[in-house]
Amino acid sequence: MIEALFVEGESGELEGFCVRGHAGYAPPGRDIVCAGVSALVQTAVAALKRFLSRQPAVIRDSQEEEGACVRLLLPPDLPEEDKKTAGIILQTLEIGMHGIAGSYGKYIEVRRCRHDSGGF
């Protein structure tokens with residue numbers, strides 16, 4: 001199963017995400033759930049890197065036993081305009097993940113946690 005965890009700050013704004021696992025819908029290379037999630041994550045990472053004045057911290061690990069893992073955390077001192085841009089990109093990613101979960105909920109779980117809760 002893929003776990004998509006969205007990290008929010010004290011006021012509820014998204015500060016990052018962690019997506020890990022393999023859907024198990026089909027064999028690797030034929031798994032449309034993994035392909036959809038991968039496309040969304042790669043696009044969000046690329047957009048954040050392109051449109052923000054400061055780069056987010058991105059950690060990619062393809063060696064995990066349960067599939068790939070991508071973690072992204074925004075810099076804590078982003079300018080307000082960048083925070084708005086990042087919020088739109090992260091919310092769009094979250095909407096896309098919920099869309100996939102709506103059709104393939106057995107293979108993906110989407111949830112939020114507080115940055116200070118230790119869930120990230």
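Taking all protein chains as they are arranged and a probe of 1.4 Å, the heavy atoms of Leu40 leave approximately 50 Å² accessible to solvent. Report, in degrees rounded to the nearest 10, the 0 to 90 angle that the Cα long axis of helix 80-104 makes with the longest principal axis of the chain. With both axes taken from Cα atoms, the answer is about 20 degrees.
Ligands, DNA and RNA aside, Ser11 has an accessible area near 100 Å² when probed at 1.4 Å.
Which order do Lys84, Lys106 take by accessible area at a 1.4 Å probe, largest first? Please list the in-between numbers first.
On the way: Lys84 125, Lys106 155 Å².
Descending accessible area places them as Lys106, Lys84.
Using C-alpha pairs under 8 Å with a sequence gap of at least 6, the mean separation divided by the residue count of the range 15-119 gives a relative contact order of 32 percent. The structure-derived value of Rg and Dmax of the Cα atoms in Å appears in the list [x] 15.1, 52; [y] 14.0, 43; [z] 13.2, 40 under the label [y]. A probe of 1.4 angstrom, applied to the heavy atoms of all protein chains, finds Phe51 with accessible area near 120 square angstrom.
The values are calculated or read from the model by the stated rules, or taken from the named source; none is laboratory data. Not measured: the values here are computed from a predicted model. Areas reflect the complete protein model, heavy atoms only, side chains present, ligands, DNA and RNA absent. Shrake-Rupley method; radii C 1.70, N 1.55, O 1.52, S 1.80 Å.
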